[in-house]
Structure formats: structure tokens, C-alpha cells
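So the structure is just underneath, and the comments pick up after that.
Every number here is computed from the coordinates shown, using simple stated rules; none is lab data. These numbers come from a predicted model, not from an experiment. FYI the Cβ positions are ideal-geometry reconstructions off the backbone, even for glycines, and counts take in every protein chain you see.
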Amino acid sequence: MKDRILQEIKARVNRKSWELWFSSFDVKSIENNKVIFSVGNLFIKEWLEKKYHSVLIKAVKSILGNDASYELTFESFEPHVSYSEPLVKRKAVLLTPLNPDYTFENFVVGPGNSFAYHAALEVAKQPGRYNPLFIYGGVGLGKTHLLQSIGNYVVQNEPNLRVMYITSEKFLNDLVDSMKEGKLTEFREKYRRKVDILLIDDIQFLVGKTGVQTELFHTFNELYDSGKQIVICSDREPHMLKEFQDRLISRFQMGLVAKLEPPDEETRKNIAKKMLEIENGELPEEVLNFVAENVDDNLRRLKGAIIKLLVYKETTGKEINLREAVSLLRDFIKPREMKILDPMDELLDILSRIMGIPKEEILSSSRNVKAITARRVGMYVAKTYLKNSLRSIAEKFNRSHPVVADSVKRVKNSLLKGNRQLKSIIDEVVGELSRRALNG
Ligand code: ADP
Ligand code: MG
């Protein structure tokens, strides 16, 4: 039965794909009409789920009937080889400098970039196997970081390989210079013969530049035919490279194509932490969270925001609080569609969320401690930060004028006496208010 299933799958894919994707693939068991396949590599598992689902389900159903299903499980069967370190460690030849911070260790993995990350890692571990790798995604989503991670990894682990990282712009300039100086032969020698791994960044720069595309096409073919790894980054997917030669686009689509998606909030927070760690800096948790939640998707700007705060902290010599962070980062905050509410309504909304009680309770005559605190903090913030008149506050909070005046005074006094709990509630409320005002 196992063999029949495997045969059925094999019949449905071409030979090259079979060798590439199914070499560590097996039927582990069949339980209640469900086939459990084992795969020896997480990245391949992800790829099979994405690209071979219909092949797998059809094969399974054709053998076991229409209600059959399948599941892929990861099972490592990597051989345990032990080898001793050479006495003198050779270093791979690096033909262009790489940023040493751009490593796989420093790359935070989340749902939007996991596939691209694993694809890049596999390429680094087995250059030439998945060829070419084409990574695309918007500005600041980590393309260059991943591309250079491949380079750094190979330099560390494969002393015999020659790695070249280059932007397509540099490739173009180099070509133009070589032609001017009559050194086309040297140019070709350099890019086609003296490289084992070619990492080309920002290929979209060559849109509409036909001459250099032709040169690139031949470079590509020569490297590809001799089994050399090519990795390409682009801000758009291959077929969106308008005015690119079709033959080049189809080369780009021959191997793996991986997309980088904007990170979700959780991942952004982890990236922010990682960036802080790399900069050797520290920021209060709430400030870091604010940055991760509010700076737009471009991670370069996230990094810029963090560095700005660290520089400010260093020059002033004191810790940054949320309010300062909000005003320092005005230019970094992503615009968000939000209906502009009356600031007083925003305030009530924030109080209700922070104190964990409904707005109605804040406005009622409840003597619940949280309600009392929310009410007083609300009046205080409305007076001192939103600069509302006592009369309008009294109206909003359903209280008399003297009660409002008294509440504001009580909060002031508590703060003067150093009530830190109260202070932190107010800071949070004010921070959130400024944030919303900025985004509104
Ligand atoms: P792109 O080339 O796509 O425009 P970069 O690779 O230059 O983007 O990334 C922008 C910044 O964000 C860099 O500082 C990079 O180190 C950082 N970065 C991007 N993605 C990640 C990630 N997943 N984990 C950690 N840092 C990241
Ligand atoms: Mg880049």
C-alpha cells in the first residue's frame, strides 16, 4: 500500500521535482483512511504543503477512496556525522563586503517571512540545490538582510566557495565601466567564472535597461549551467518586472520564488527587541511596544526610530518615557485611518480600557475603587492635558462643578506626595491620548 501511494505521487510530478522535493519523503503510517507522510526537512514540508497539496490529495484519494486525507509530519533523519575542526580555519573568499549584522541569527522569524527565511537558509546550507532563489517584497521587509545572511553563512561555513553580493545597480555600472575601458572580457571572467554564489540585490533597478539585461541573462545561464547558486531580490514578483526580457523572467521563475510579507504586530515587537539588542541599547518596555505598534511596516524606519530614541537617551543621559517617545517619533508614525473622536470621548474610551470597567460605570455614581480612580484621573487629564474648562468636564462626567474641582485637586496632591501607581496610570492614559491624536 505504501509503495502504491508513493508510485501514484511519483507519476503525478516530473522527475526533477520528484528528486528535489520527495527525496526525504515517505509514508509513515496509514490510520483510518488518513495517510501520514514524513518529511525530513521543515522547509520542504512547508513547500509541499504550499505547492503539492493538490497532487498529494489526489494521489491519496485515488488509492484510498474519496474520503481519504493526509498529513505531513516532520521527522529529522539527518545523519549524525562528527568531524574535527581543522587547525587553521580557512575562510571563504568574499568578493564584496557584507554587513556582519545581517545574519540568520539576527533575523526574527514570523508568519510573514518564515518561508523566505527557510528557503534562504536551505540555499545557504546547500548552494546550487534550489536554483535560483528569488525573494521579493516591499521596502524594508528584510530582503537585503536575508540575502546577506546567505553570504555570511557561506563565508562562515564553506571556506571553498566564493561569494559575491552585488546590487544590480553596481552590476550595471561595472558593466558600463568595463565597456568604456575595453575590459569586457575581465568583466565576464569576474561574474561568470570567479563566483560560486552570486547574490544580486534590487533587480528591479534594471527595469527597461535592455542591454544590461542581456548581459545578466548570459551571466545567469553560465552560472546556472555550472551549478552555481544565484539568489535575486526584487521589490516585486518576477512577472511584475515589466519591460524585462521574458527569457530573463522565466529564468527567475525556474527555481524557488519566496515572498516577504509585512510582519504582524507580535513579530514587529520581536524585531524591535532584536534591533535593540544589536544596538546594545535599552528602552522601557512600554516605549519599545509603542514603537513596534506605531511605526509603519518599513523595518528600516523601525530601526531608525529605535536609534533616534537611543541617541536622544545618550545625549540627555536619562531614560525616555512614553510621552517623550511619542513626541520624538512624530515623523515615524504610520498614518492610520481613524475617525476623529471628540478628545473627551477618546479619554473615556482609554480610561475604560486601562481600568477594565465600562464607560457607563465611570460616568455613573458607582463607588467601586476603579470607577472612582478612573473618574478622577479622567477629570484631571481633561483639565491639565486637554485644557477643558471645569464646566465642560462637569457636564461630560455628570458631576457638579465643585466636585470636579475637588477631584482635580485630589489627584494633584496625590501626585505631589509621590503616588507612583496613580502617576503610571496617568502616564499611560496620556501616552495613549497623544498617540491617538497623532494618528487621527
Ligand atoms: P529591504 O532590503 O527589504 O528593503 P532590509 O533587509 O534592508 O530591507 O531591512 C531593513 C532593516 O530591517 C534592516 O536593518 C534589517 O536588519 C531589519 N530587518 C528586516 N527584517 C528583519 C527581521 N525579520 N528580523 C530582524 N531584523 C530585520
Ligand atoms: Mg534592500
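Here the Karplus relation 6.51 cos²θ - 1.76 cosθ + 1.60, evaluated at θ = phi - 60°, turns the backbone of the range 299-314 into coupling constants of 6, 5, 6, 4, 5, x, 5, 5, 5, 4, 5, 5, 5, 4, 4, 5 Hz, with x for every Gly and Pro. Distance from the Cα centroid of the range 269-285 to that of the range 1-72 is 42 Å (rounded to whole angstrom). According to the Kirkwood relation over distinct C-alpha pairs, the hydrodynamic radius of the chain is 26.5 Å. Taking the longest Cα principal axis of the chain as reference, the axis of helix 53-64 is set at about 70 degrees.
Taking θ as phi - 60° and the Karplus parameters 6.51, -1.76 and 1.60, the scalar couplings of the range 195-200 work out to 10, 9, 9, 10, 10, 10 Hz in sequence order, x denoting glycine and proline.
Within the range 199-250, the GluC sites (Glu not before Pro) that combine a DSSP coil assignment with at most 13 other C-beta atoms in a 10 angstrom radius are Glu243.
Full extension of the chain between Arg323 and Ser23 gives 102.4 nm of extra length, using 0.36 nm per residue less the Cα-Cα distance. In terms of overall dimensions, the C-alpha atoms belonging to the range 205-316 reach 55, 27, 24 Å along their principal axes, ordered largest to smallest. Measuring between alpha carbons in the structure, the pairs from Lys50/Lys125; Lys16/Lys61; Lys269/Lys409; Lys273/Lys370; Lys143/Lys190 lying more than 28 angstrom apart are Lys269/Lys409; Lys273/Lys370.
Set the Förster distance to 25 Å, then compute FRET efficiency between Tyr312 and Lys412 from the Cβ-Cβ distance, nearest 0.05.
Details: r = 29 Å, r/R0 = 1.15.
E between Tyr312 and Lys412, to the nearest 0.05, is 0.30.
The angle separating the long axis of helix 420-439 from the principal Cα axis of greatest extent in the chain is about 60 degrees.
Ranking request for peptides 274-281, 170-177: highest mean number of other beta-carbon atoms within 10 Å first, then the rest in descending order. Don't skip to the end; give the middle numbers.
Values: 274-281: 14.5, 170-177: 16.2.
Most protected by this proxy first, the peptides run 170-177, 274-281.
Farthest towards the positive end of the charge dipole of the chain, among the residues Gln204, Pro262, Ser24, is the Cα of Pro262, using unit charges on the Cβ of Lys, Arg, Asp and Glu.
The translational diffusion coefficient of the range 346-430, from Stokes-Einstein at 20 °C and 1.002 mPa s with a Kirkwood hydrodynamic radius over alpha carbon pairs, comes to 170 µm²/s.
Amide H contacts for Thr167 (H built 1.01 Å from N in the peptide plane; partners 5 or more residues away or on another chain; cut-off under 5 Å): Asp201. With contributions of -39500 (n - 2.57) from each DSSP H run of at least four residues, the per-residue ellipticity at 222 nm computed over the chain stands at -16500 deg cm²/dmol. Counted over the chain, the DSSP beta bridges are approximately 20% antiparallel. Helix 343-355 and the long axis of the chain differ in direction by around 80°, with both axes built from C-alpha atoms.
Could you rank the peptides 354-362, 381-389, 134-142 by their average count of other C-beta atoms within 10 Å per residue, with the highest value first?
On the way: 354-362: 15.7, 381-389: 17.2, 134-142: 21.2.
Result, highest mean first: 134-142, 381-389, 354-362.
Only aspartates and glutamates eight or more places from Lys318 in sequence, or on another chain, were considered; those with a Cα closer than 13 Å are Glu282. In this structure the amide hydrogen of Leu260, modeled in the peptide plane, comes within under 5 Å of the amide hydrogens of Tyr136, Gly137, none closer than 5 places in sequence on its chain. For the range 383-440 versus the range 202-224, the spacing of their alpha-carbon centroids is 63 Å.
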